[in-house]
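What follows is a short report on a single structure.
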């Protein structure tokens, strides 16, 4: 139940056993097309350029910035955790002049501060679900009032866990990871790009591998399927299966399942002396952050949970390392039985230190 990879859906593990096809095999191309269509449904978008980058979520972040940042572009980025800070680093490496809008860790960023930070930015970027703090930042108000700026959103921990409405929120570029709420092992980064954003693509991005000019025709099927790179066949089988589980269950039901688990954790943890750390009203159901009861050591407590109960809980990052736990409940792991097992294990730990 840590903030890292969640347990894969059983259907996903079965997908890994399929015979490996060539990456230009017609049957594989058909599966890739169907995977992209499933991604559109989960992203809630009609964007034609919607596909999984053949690398993990950080590559999705880099794909976003290297393809749309020209040297000297004004980029406004919200920073209230590790991944907002990482956005700044990636944007600066791509040549952007970055305006940081900082908020205290554990608190959400006021969307108006992002909108007011620069009079005419090319890009506004924010992390929807900040994995380092368990905070949800509001996206819809930014999309509604962003003007001519492109809106970039990090959805690594939010996609399939809480509502992500790309078209409704007027998001131009978004990226995610497979290992969180999609219930698929790490290895791919789903990305979606609006037609509006594609009109502003950099002619020759710094990265050859992540150059969307080269990838887009292969993804959308416009013209011949040109060879770009060897796709990770088995990972795409797995993503296809994981998306199938989410869509068969239904997006609303999947969001609700994550919410119910989050609600149960938020209700049960304070009774055991764990205080909810993230700002009320912006707490993620899929990733709960708490401070520890007096007497419970961070390292020893997490080690005991792992070795005695087989439960992995993430520690705090950056300024809250050693002070905060990050409890992930995502994908196939997001089941009330797992919540009850965790609460029971924590009750025993607390009794031992009492």
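Rule-based calculations on the coordinates, nothing more; no lab input. Here the structure is a predicted model, which means the values were calculated and not measured. Please note: Cβ atoms are built from the backbone with ideal geometry, for glycine as well, and neighbour counts cover all protein chains shown.
Find the eigenvalues of the gyration tensor of the Cα atoms of the chain, then list the square roots of 5 times those eigenvalues as equivalent ellipsoid semi-axes, largest first, in whole angstrom. Mind showing how you got there, number by number?
Values: eigenvalues 227, 133, 52 Å².
One finds semi-axes of 34, 26, 16 Å for the chain.
Between helix 57-68 and the chain, what is the angle of the helix's C-alpha long axis to the longest principal axis, kept within 0 to 90° and rounded to the nearest 10?
Its long axis makes an angle of about 40 degrees.
Starting from 0.36 nm per residue, how many nanometres of slack lie between residue 247 and residue 196 once their C-alpha separation is accounted for?
Extra length available between residue 247 and residue 196 comes to 15.6 nm.
Give me 105, 208 sorted ascending by neighbouring Cβ count inside 10 Å, so fewest comes first.
On the way: 105 23, 208 10.
Listing 105, 208 from fewest to most nearby Cβ atoms yields 208, 105.
So how tilted is helix 336-353 from the main axis of the chain? Cα-based, degrees 0 to 90, rounded to 10.
Once rounded, the angle reads 40 degrees.
Could you work out which residue, out of 240, 258, 118, moves most in a Gaussian network model of the chain, that is, has the largest mean-square fluctuation with Cα springs under 10 Å?
Residue with maximal mean-square fluctuation among 240, 258, 118: 118.
What whole number of Å gives the distance from the Cα centroid of the range 120-164 to the Cα centroid of the range 42-88?
10
Over all directions, how big on average is the projection of the convex hull of the alpha-carbon atoms in the range 55-98, in square nanometres?
Working: hull surface 11.2 nm².
For the Cα atoms of the range 55-98, the hull's average projected area reads 2.8 nm².
When the helix-only estimate is applied to the chain (DSSP H runs of n ≥ 4, each -39,500 (n - 2.57), divided by the residue count), what is the mean residue ellipticity at 222 nm, nearest 500 deg cm²/dmol? Before the final figure, lay out each step's value.
On the way: 12 runs with 133 residues, N = 354.
Mean residue ellipticity, 222 nm, calculated: -11500 deg cm²/dmol.
Using only Cα atoms, tell me the angle between helix 251-268 and the longest principal axis of the chain; keep it within 0 to 90° and round to the nearest 10.
30
Mind checking the full-extension length gain between residue 97 and residue 148? Use 0.36 nm per residue of separation minus the Cα-Cα distance, one decimal, nm. Let's see the in-between values first.
Numbers: separation 51, 0.36 × 51 = 18.36 nm, distance 1.73 nm.
The span from residue 97 to residue 148 would gain 16.6 nm if fully extended.
Quick one: among 227, 209, 175, which has the greatest mean-square fluctuation in a GNM of the chain with alpha-carbon springs under 10 angstrom?
Checking each option, the largest mean-square fluctuation is seen for 227.
Note the full-extension length gain between residue 14 and residue 312 as 0.36 nm times their separation in residues minus their Cα-Cα distance, in nm to one decimal.
Between residue 14 and residue 312, full extension yields an extra 104.9 nm.
In nm, to one decimal, how far is the modelled label at residue 33 from the one at residue 117, with both set 7 Å along Cα→Cβ?
Inter-label distance under the simple model: 4.1 nm.
Specify the residue with the greatest mean-square fluctuation among 294, 62, 11, computed from a Gaussian network of the chain linking alpha-carbon atoms under 10 Å apart.
294
Which order do 86, 100 fall in if you start with the one that has the fewest other Cβ atoms within 10 Å? Intermediate results must be reported in sequence, preceding the final value.
Working: 86 18, 100 14.
Listed from fewest to most nearby Cβ atoms, that is 100, 86.
When a footprinting reagent is the concern and you count Cβ atoms within 10 Å, what order do 65, 16 take, fewest first? Could you put the intermediate results ahead of the total?
On the way: 65 30, 16 14.
Lowest to highest Cβ neighbour count: 16, 65.
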